[in-house]
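Trainee: Take a look at the following structure, please.
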Amino acid sequence: MGSPPHSQSSMGRHSGESSSTRFSGSLKPGSRKVNDGSKRKGHGGEKQWKECAMIEEEGLLGDGERDRGVPRRCYVLAFIVGFFMLFGLFSLILYGAAKPQKPKITVKSITFETLKIQAGQDAGGVGTDMITMNATLRMLYRNTGTFFGVHVTSTPVDLSFSQMKIGSGSIKKFYQSRKSQRTVLVHVIGERIPLYGSGATLIPPAPPAPLPKPKRKKKGAPVVIPDPPAPPAPVPMKLSFVVRSRAYVLGRLVKPKFLKKIECDINFEHKNLNKHIPITKNCTVTTV
């Protein structure tokens, strides 16, 4: 009868301790598991959150770079296209401004230093008259351009008689600065060119024979003096060539070209040998 309280107390303590140990043992492992799971879940969530944030940031950066890259390319392309359009417009303006400023050419005179006709044979051995001549053509070239110089050349300067070329020459290439002029000399030369029977008019006339003395006649009769021989008719010749002028306004990008075709009619007389023959009024200058 006295033992039960003691036993109860001991049993209570033991049961209490056992229950506490059991509860604590049952709770500690569970609490560890719960805490570990929460930590693991927490760490996994943080990792997932960081990964999502990095992906979103990369996506935003990628979208930003895309949004920024397209306008930059468009701006660069628009700048290049605009630059070329403005440059082309500027070149057209310069070309249009330079085109009306055409050079002016005035043919002054021609001088025949030598003109000989002699018998000979052509390349095939056919006997015919041969002409040898040498002449100098003078002309004035004026560059009217206000902001560009020109490079000048020409086609062969041909001198023809009866549709046959009897002499040829060319203008030596030269450069003419802006708003300036010069006198150009062209040597036209022909060496033993066959005429094939058409050079009769080119043969210099023989000196006139001395006039006979009038005979004495009866008083009161008129004295008859023969007329002097008529002078030979002038020999028609034709001079033709084309003068080429090229300007470089903007380097080699704007290159206006000017072509002048010149044709002159020349009336040659043997008495004018070694004399300046003015032909300004007999020349036509046309733009090609």
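The values are calculated or read from the model by the stated rules, or taken from the named source; none is laboratory data. In this text the structure is predicted, and so the values were computed from the model without any measurement. Cβ: placed from backbone, ideal geometry, glycine included. Neighbour counts: every protein chain shown. Quick note on the areas: whole protein, heavy atoms, side chains included, nothing else; ligands and nucleic acids left out. Shrake-Rupley method; radii C 1.70, N 1.55, O 1.52, S 1.80 Å.
Trainee: Is it the case that region 140-153 has a residue that's closer than 27 Å to Ile203 by Cβ and at pLDDT 90 or above? It would help to see each step written out before you state the result.
Mentor: Taking region 140-153 first, the residues closer than 27 Å to Ile203 by Cβ are none.
Among the residues of region 140-153, not one is closer than 27 Å to Ile203 by Cβ and at pLDDT 90 or above, which makes the answer no.
Trainee: Kindly indicate the residue of region 164-188 that is part of a loop (DSSP other than H, G, I, E, B) and more than 11 Å from Thr153 (Cα to Cα) and also least open to solvent (accessible area, probe 1.4 Å) among those meeting that condition. Lay out the reasoning, then the answer.
Mentor: Taking region 164-188 first, the residues part of a loop (DSSP other than H, G, I, E, B) are 170-173, 177-179.
Now drop any that are not more than 11 Å from Thr153 (Cα to Cα), which leaves 177-179.
Details: Ser177: 55, Arg178: 139, Lys179: 122 Å².
So, considering only residues that are part of a loop (DSSP other than H, G, I, E, B) and more than 11 Å from Thr153 (Cα to Cα), the one least open to solvent (accessible area, probe 1.4 Å) is Ser177.
Trainee: Next up: Criterion first (open to solvent by less than 90 Å² (accessible area, probe 1.4 Å), small (Gly, Ala, Ser) and modelled with pLDDT of 95 or more) does Ser245 satisfy it?
Mentor: Against the criterion (open to solvent by less than 90 Å² (accessible area, probe 1.4 Å), small (Gly, Ala, Ser) and modelled with pLDDT of 95 or more), Ser245 does not qualify.
Trainee: How many residues are part of a strand (DSSP E or B), over 22 Å from Thr153 (Cβ atoms) and touching a Lys or Arg at 6+ places or on another chain (Cβ under 9 Å) if we restrict to region 245-282?
Mentor: Summing the residues that are part of a strand (DSSP E or B), over 22 Å from Thr153 (Cβ atoms) and touching a Lys or Arg at 6+ places or on another chain (Cβ under 9 Å) in region 245-282 gives 4.
Trainee: Separate question: Scanning region 143-162 for residues that are in contact with a strand residue (DSSP E or B) (Cβ under 9 Å, 6 or more places away or on another chain) and not in a strand (DSSP E or B), which turns out farthest from Phe112 (Cα to Cα)?
Mentor: Step by step, filter region 143-162, then rank; the result is Phe148.
Trainee: Now for a different question. Kindly provide the set of residues from region 112-148 that are surrounded by fewer than 17 Cβ atoms within 10 Å (Cβ to Cβ), under 24 Å from Arg244 (Cα atoms) and not charged (D, E, K, R), ordered by number.
Mentor: Matches in region 112-148: Thr136, Leu140, Thr144, Thr146, Phe147.
Trainee: Kindly evaluate Lys116 against the criterion of being part of a loop (DSSP other than H, G, I, E, B) and at pLDDT 85 or above. Show your work before the answer.
Mentor: Numbers: part of a loop (DSSP other than H, G, I, E, B): no; at pLDDT 85 or above: yes.
Judged against the criteria, Lys116 is not a match.
Trainee: Could you list, in sequence order, the residues of region 82-105 that are surrounded by 15 or more Cβ atoms within 10 Å (Cβ to Cβ) and modelled with pLDDT of 75 or more?
Mentor: Matches in region 82-105: Gln101, Lys102, Pro103, Ile105.
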